[in-house]
Each structure stands twice: as C-alpha cells, then as structure tokens.
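The values are calculated or read from the model by the stated rules, or taken from the named source; none is laboratory data. What you see is a predicted model; the values in this text were computed from it and never measured. Here the Cβ positions follow ideal geometry from the backbone for every residue, glycine too, while neighbour counts run over all protein chains shown.
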Amino acid sequence: MALSQHDLLRLLESLRTADGIELIRILTQRIMQELIEAEATARIGAAPGEHTDSRTTWRNGHREKVITTQAGDLDLAIPKLRAGSFFPSLLQRRRRIDQALYAVIMEAYVHGVSTRSVDDLVKALGADSGVSKSEVSRICAGLDTELTAFRTRPLEHTRFPYLYLDATYCKARLNHQIVSQAVVIATGITEEGGREVLGLMVGDSETEVFWSQFLRSLRERGLTGVRLVIADHHSGLLKAIRKVMIGAGYQRCRVHFLRNVFAVIPKDSAEMVAATIRTIFAQPAAPAVRAQLDTVADLLGRQFLKVKTMLLEAKDDLTAFADFPDRHWKKIQSTNPLERVNREIKRRADVVQIFPNPEALERLTTAVLVEMHDEWIAFPRRYLPEGSMDELYPDKQAHGELSAQRTDQLRAATPLQGA
C-alpha cells in the first residue's frame, strides 16, 4: 500500500527527530503495518475504496495490538472484516491452547449457543461481526491434525512404573441436550523419574467399558512397565484396571477416600477423623503402615462404625503404596499430581461454559494437556529422586550389573598400551 503525501511527511518528521534506536523502532513499525495492510488487501481482494470483482468482504475498522520486539514495543493496527476474521501471518499466532479456545468459542458462536461472556470474548478476539462456518472448519482442521498426533503418539520410548488416572467433568451439547461429559486423563512417571501426559478420552460415563477402552488404547500405543495405578475408587475403573492392567497394583487415592469418609460423619468431627487417618500414611515401614490402619480402624470404630468398616474394606487398596520404595510414598498415595491438570482444564472450560459438542471439549482439553506436557519436557525436573527408580525394575539393575561385569572382563583381557 503506497503512503500518502501527508503520511510520508509525518514519517519523515518522526525519523528526523528520532535517535538511532527509536529510528529502528519507527521503521520496523511502519514496515510491519504496511505488510499487514497488504496482506489484508490480498485477503479481501481489494484495497480500501477499490471496486473489484474479486472482493470477498469489506474492512470494518482496526483493533490495536502491541507486540514486543528487539526494536521495542510496536503499536500495530489489525484490520477487522465485516465477515470472517483476519490475523496477519507475520505475527505469531496464539499458543496452541489459545488457538483451541478460540476455535471452540468460534464454533459455539457459529452454532448460536454462546453465552454473554462468550459473546464478549468473541468481540475481544476481533470477530464481533461474525465468523463463517468455513472459517471455523479451517481453524479446527489445522488444530486437529496436531492434537490428534499428540493423543495417538507412541509410548514405547520408556517404561512408566506409576500411572495416574482421574476424571473431570464439563458440560457439552449432545443430541440437542446439555449433558455432563467425563474427561478422563492419564499421566505417568517415567523410569527415569520424570513426568509425561499419556492420554485422554472424552465420554458420557465412567463405566467399565469406557475405562477399559481408554486403558487398552494406552496399551496399544506401547504403554509398558506399569507397577502401580493410582486412581479413585470407581467400580467401573477398578474392574477395568484389574482386567487391562494385568500385573499392576492399585492404590486408592487417600484424598478421595477421606472425602468419602466425610460423607458419613458429622462435620464437626471431620478434622479429628482426618488427622487420625493421616497417621496411617506417616509410618516408616510397610508393616507399621498396615498395623496402624488396624489400630485407627479400632479407635474410630468406637464412635464411627461405618468409618471402621470403610477402612478395613479398603485396607489393601489404601496401603498398596507401602510395597514400593519409601522415597516414593508421598507421591504415590493420591492423585494429587493430576489436580493442577484438572484445575487448568476447568479454568479454560469455564470461559466456554457449555461446549457446542464433545469434539470441541476434546480439542480444548488436548491443547491444555499438550502445553503442560511440553512444559514438563522442556523444563525437566525429577518428580521422584534420582537412583530410587532402579528399585522398581530388578531386571534393569541386573542388566546393568552384567554389563558392568562384562566391561570389567573385557578390560582385564585387553593389555594396556605401553605395558
């Protein structure tokens, strides 16, 4: 787009009075603005005020955007369109998670199911004049390729001794009704002590069939080496674990168990009962853990018979952690590692409130998990102590000892140079 005489004189005056750094900033801002306008013209099929047969829509003002560069902050104006949306290709698009949120909101907007908060956000995103179904399809198609690749990626690169499973619930439209959809999530601890997001699935229930399908999908992608599954106590989930995760133990989440206990005792007794039950998990050795559970059950049973029954019935599942290295105990007694994941999903889902369909819910949830997974990989931090993981795989330790022994034999059989 050619600058008018007036614009050229203003630019010349700005350049004349600017210092070296400011000069670069002004030139960069002007060049980027011109490139944005040129791209908008190509998208629309006509320059401002131009009449052409190829025009597809009209400009509808601008929205301000500040971007930070090495030349300084640039004040740019992004053209808005009467129909559809426009975002210049030379600027960095939103993060994957924001793209997914944008796609979900646009999809809700197109289908007429948006709420007032969604309408406000649509306007803030620069699509206050509407967005076409084809535009939504284009946005979603670009996202879905990447997100599907993440959900179906192989898991054969390492073993995962600890598997965490949990579910959260969001509202979505299904068959013209608003229903609650379960988002089941799996994360794991690698044999090196790191963390990874393993998978997710969206469905309308947490039945044995649903959980079995999810766990089998993890197996088919190469999930191996699972020694302990940490999860809540749903009958469908427990049956699926026993059926699919053969050879793995089951640890009932202590946090969820306490919530179940609170449901059968008076509120004013909750703090005392919780403190007493926590003493079970503070013991130094496996025999002491299980003995303390019996002691606590007898103690609380004098006043709360139901709590005693619950403790004794859940004894094996609540104390499964005690059969693993004691340095891991605090991390494998509950599904707390998934709490942050669920909170982030809820934070994003609350913006949408009601998803237009289960696919939109899966799209946004996957994007949240991809960002979290990338953070864990990009900034690795051991979730469990170094060296403690070897205790989980005796075959790995034996293999290492044999390799070391073989290396020593080779060194002994090879004469040193110069000897």
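With respect to V307, is the statement that it is closer than 25 Å to I332 by Cβ and modelled with pLDDT of 95 or more true?
So V307 does not fit the description; no.
If we scan the stretch 208-218, do we find a residue that is closer than 23 Å to L392 by Cβ, in the same structural domain as N357 (by TED's automatic domain parsing) and either modelled with pLDDT of 95 or more or of a type outside the set (K, R) (or both)? Full working, then the answer.
Taking the stretch 208-218 and keeping what is closer than 23 Å to L392 by Cβ, we get 215, 218.
From what's left, in the same structural domain as N357 (by TED's automatic domain parsing): 215, 218.
Still in the running and either modelled with pLDDT of 95 or more or of a type outside the set (K, R) (or both): 215, 218.
Yes, there is a match, as at least one residue in the stretch 208-218 is closer than 23 Å to L392 by Cβ, in the same structural domain as N357 (by TED's automatic domain parsing) and either modelled with pLDDT of 95 or more or of a type outside the set (K, R) (or both).
Just to be sure I understand the filter: pairs with C-beta atoms under 6 Å, separated by 6 or more residues or on different chains, first member in the stretch 56-67 and within 17 Å of R82 (Cα to Cα), second member assigned to a loop (DSSP other than H, G, I, E, B) and among the hydrophobic types (A, V, I, L, M, F, W, C). Which pairs pass?
That search, which allows pairs on different chains as well, returns T57/A83.
Sort through D390, D298 and tell me the only one that's surrounded by fewer than 19 Cβ atoms within 10 Å (Cβ to Cβ), closer than 25 Å to E271 by Cβ and of a type in the set (D, E).
Numbers: D390 fails: closer than 25 Å to E271 by Cβ.
Testing whether each residue is surrounded by fewer than 19 Cβ atoms within 10 Å (Cβ to Cβ), closer than 25 Å to E271 by Cβ and of a type in the set (D, E) leaves just D298.
Quick check on my filter: what residues within the stretch 173-187 are in contact (Cβ under 8 Å) with a residue 60 or more places away in the chain, more than 15 Å from V352 (Cα to Cα) and more than 20 Å from the chain's Cα centre (by Cα)?
Within the stretch 173-187, the subset in contact (Cβ under 8 Å) with a residue 60 or more places away in the chain is 173-174, 178, 181, 183, 185, 187.
Filter again for more than 15 Å from V352 (Cα to Cα), leaving 174, 183, 185, 187.
Within the stretch 173-187, L174 is the sole residue that qualifies.
Is one or more of the residues making up the stretch 91-103 outside the structural domain of A360 (by TED's automatic domain parsing), modelled with pLDDT of 70 or more and out of contact with any strand residue (DSSP E or B) (no Cβ under 6 Å at 6 or more places or on another chain)?
Yes, the stretch 91-103 has at least one match.
Give the residue that is modelled with the lowest pLDDT, with candidates limited to residues of the stretch 1-42 that are of a type in the set (D, E, K, R) and surrounded by 15 or more Cβ atoms within 10 Å (Cβ to Cβ).
Ranking the candidates gives R25 first.
I need the full set of residues from the stretch 279-329 which are free of Cβ contacts under 8 Å to residues at least 12 places away in the same chain and closer than 22 Å to L165 by Cα, in order please.
If the condition is that a residue be free of Cβ contacts under 8 Å to residues at least 12 places away in the same chain and closer than 22 Å to L165 by Cα, then E313, D316 are the ones that fit.
Please specify each residue of the stretch 43-61 satisfying the condition of being outside any helix (DSSP H, G or I) and buried (at least 16 other Cβ atoms within 10 Å of the Cβ).
Going through the stretch 43-61, the residues outside any helix (DSSP H, G or I) turn out to be 45-61.
Across the stretch 43-61, the qualifying residues are A46, A47, T57, R59.
Identify the residue in the stretch 231-282 that is over 17 Å from L338 (Cβ atoms) and either among the aromatic types (F, W, Y) or not assigned by TED's automatic domain parsing to the domain that holds K331 (or both) and, among all such residues, is surrounded by the fewest Cβ atoms within 10 Å (Cβ to Cβ).
F262
Yes or no, residue by residue, for (1) modelled with pLDDT under 95; (2) assigned to a helix (DSSP H, G or I):
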{"site": "G225", "(1), (2)": "yes, no"}
{"site": "V229", "(1), (2)": "no, no"}
{"site": "H233", "(1), (2)": "yes, no"}
{"site": "A240", "(1), (2)": "yes, yes"}
{"site": "Y250", "(1), (2)": "no, no"}
{"site": "H256", "(1), (2)": "yes, yes"}
{"site": "V264", "(1), (2)": "yes, no"}
{"site": "S269", "(1), (2)": "yes, yes"}
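Within the stretch 322-341, can you find the residues that are more than 30 Å from P287 (Cα to Cα) and either buried (at least 18 other Cβ atoms within 10 Å of the Cβ) or over 20 Å from the mean Cα position of the chain (by Cα) (or both)?
V341
Considering each of L165, L147 in turn, give the residue that is modelled with pLDDT under 90, under 19 Å from the mean Cα position of the chain (by Cα) and closer than 22 Å to E375 by Cα. If you could, list the steps in order and put the result at the bottom.
Values: L165 fails: modelled with pLDDT under 90.
On inspection, the qualifying residue turns out to be L147.
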